[in-house]
Amino acid sequence: MRIPPRLCALLSLALLVPCSALAHDVWIVPASFSPVVGEPVAVRLKLGHPQQEVEPVARNPKRLLRLVALTATGEQPLIGQDGADPAGWGRFAEPGLRILVYEGSAAFMELPPDRFEHYLAEEGLDAILAERRERGETTRPGRELYSRCLKALVSVGEPSAEHDRVLGLDAELVLESDLAAPPAEPLTVRVLRRGVPLAGVLVELVRLDGRGAVQGLRSDAQGRVAFTGVASGAWLVTAVTAERSRAAEADWRSVWTSLTFERP
């Protein structure tokens, strides 16, 4: 029986268990990527894919480890009401770059062998596919612990000379390019796991409004990808990293990561 897309998304919201590859992604959407100083900013979480159906994700205290805004010198909690959308609110008293960060606790999912193989292929987890084949595990269900590490870049007040930076999250995407650089210049993103660059990870870029094509590139030996043709507007970058799990209840441990930002 085929599950209707909207029901699939609602079930994903309730359980945060993926129904399809497009339903996996979660990202941060601030009410403004360039708020004025002192302006209240709603911080929402979205689930789905910009080119498909998108659903809100309410603040869930059972899964939320951290939702904060970071500066170069400290962190500010983004307060919110449990079960509510927006997931958090911020008011920034000083100008400058804020890195909004969401970290979620790990959850378990189990998929039948064919669905798990399909999921691995769609998310570019070729190394996991190869390892399952080498070990004769392709007929075994996929048992996975997964979590999410999300970031968004917000420039408060006047344009800031500050840049995104490595935070040491379980997994993260780091924008190394200047947002104000001409669109003709490549936009470089780095993918890291616990601060270590990862090679061969599929990193995808898409406009938040869903227009245009999705760009997908594999990270190089230094964990970098360089996207071209990134015009003004709001953008979403996503990646999935996975490795063998050390926990007895799962064979794999994955981290879903995303980064949102706006080019002026």
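The values are calculated or read from the model by the stated rules, or taken from the named source; none is laboratory data. Everything numeric here is computed off the predicted structure, so don't read it as measured data. Positions of Cβ are backbone-derived with ideal geometry, glycine not excepted, and every protein chain shown enters the neighbour counts. Accessible surface is based on the protein model in full, side chains and every heavy atom, while ligands, DNA and RNA are left aside. Shrake-Rupley method; radii C 1.70, N 1.55, O 1.52, S 1.80 Å.
Please give the per residue accessible area of region 204-252, computed with a probe of 1.4 Å over protein heavy atoms only, in Å².
46
Quick one: accessible surface of SER232, probe radius 1.4 Å, all protein chains present, in square angstrom to the nearest 10.
60
Using 5 Å bins from zero, what percent of all Cα-Cα pairs in region 35-98 falls into each bin?
The distribution over region 35-98 is 4, 16, 23, 21, 17, 14, 4, 1, given as percents.
How big is the charge dipole of the chain about its Cα centre, in debye rounded to the nearest 20, if each Lys and Arg gets +1 on its Cβ and each Asp and Glu gets -1 on its Cβ? Numbers along the way, then the final one.
On the way: 30 positive and 34 negative charges, 89 e Å.
Computed about the Cα centre, the dipole is about 420 debye.
Using a 1.4 Å probe on the protein heavy atoms, what percent of the accessible area of region 120-249 belongs to carbon and sulfur? Don't jump to the answer; show the numbers that get you there.
Numbers: 3020 of 5910 Å².
The value for region 120-249 is 51 percent carbon and sulfur by accessible area.
Report the rotationally averaged projected area of region 16-156 based on its alpha-carbon convex hull, in square nanometres. The partial results should precede the final answer.
Values: hull surface 38.4 nm².
With every direction weighted equally, the projected area is 9.6 nm².
What spacing in nm lies between the two simple spin-label points modelled at TRP89 and ALA42, each 7 Å away from Cα in the Cβ direction?
Each label point is offset 7 Å from its Cα along the Cβ direction, giving 1.1 nm.
Please report the base-10 log of the normalised intensity I(q)/I(0) for region 177-229, using a Debye sum with one equal scatterer per alpha carbon and no solvent, at each q in 0.32 (1/Å).
Result of the Debye calculation: -1.18.
Select from THR188, THR73, THR241 the residue whose mean-square fluctuation is largest in a Gaussian network model of the chain (Cα-Cα springs shorter than 10 Å).
Judging by the Gaussian network model, the answer is THR73.
In whole Hz, with x marking every Gly and Pro, tabulate ³J(HN,Hα) for region 31-37 from phi via Karplus 6.51 cos²θ - 1.76 cosθ + 1.60, θ = phi - 60°.
Per residue, the Karplus-derived 3J(HN,Hα) values read 4, 8, 7, 9, x, 7, 4 Hz.
Select from region 82-163 those trypsin sites (Lys or Arg not before Pro) which occupy a DSSP coil region and have at most 12 other Cβ atoms within 10 Å, ordered by residue number.
Values: sites: ARG91, ARG98, ARG115, ARG132, ARG133, ARG135, ARG143, ARG148, LYS151; in loops: ARG135.
Here the sparse-neighbourhood loop sites are ARG135.
Give the residue list of GluC sites (Glu not before Pro) in region 221-264 that are DSSP loop and have at most 11 other beta-carbon atoms within 10 angstrom. Before the final figure, lay out each step's value.
Values: sites: GLU243, GLU249, GLU262; in loops: GLU249.
Answer by residue number: GLU249.
Extension gain GLU162-ALA72, at 0.36 nm per residue separation less the Cα-Cα distance, in nm?
Numbers: separation 90, 0.36 × 90 = 32.40 nm, distance 0.89 nm.
Answer, rounded to one decimal: 31.5 nm.
Which residue, chosen from PHE116, PRO159, GLN52, occupies the Cα position most advanced towards the positive end of the dipole of the chain, where the dipole is computed from +1 (Lys, Arg) and -1 (Asp, Glu) charges on Cβ about the Cα centre?
Working it through, the farthest residue towards the positive pole turns out to be PHE116.
Could you report region 73-175's accessible area per residue, 1.4 Å probe, as an integer in Å²? Write out the running numbers ahead of the final one.
Details: 4800 Å² over 103 residues.
That works out to 47 Å² per residue.
Name the long-range amide H neighbours of PHE92: under 5 Å, sequence gap of 5 or more, or other chain; modelled H, no Pro or chain starts.
GLY38, GLU39
What FRET efficiency do you get for ALA247 and ASP220 if R0 is 41 Å and r is their Cβ-Cβ distance, rounded to the nearest 0.05? Before the final figure, lay out each step's value.
Working: r = 31 Å, r/R0 = 0.75.
Given R0 = 41 Å and the Cβ-Cβ separation, E is 0.85.
Could you list log10 I(q)/I(0) for the chain at q = 0.17 Å⁻¹, which the Debye formula gives when each Cα is one point scatterer?
Evaluating at q = 0.17 Å⁻¹ gives log10 I(q)/I(0) of -1.44.
Would you pull out the residues with amide H under 5 Å of LEU65's amide H, same chain only if 5 or more places away, H placed 1.01 Å from N?
Hits under the 5 Å cutoff: GLU103, GLY104, SER105.
Show log10 I(q)/I(0) for region 129-264 at q = 0.14, 0.21 Å⁻¹, two decimals, from a solvent-free Debye sum over equal Cα scatterers.
Per q value, in the given order, log10 I(q)/I(0) is -0.68, -1.28.
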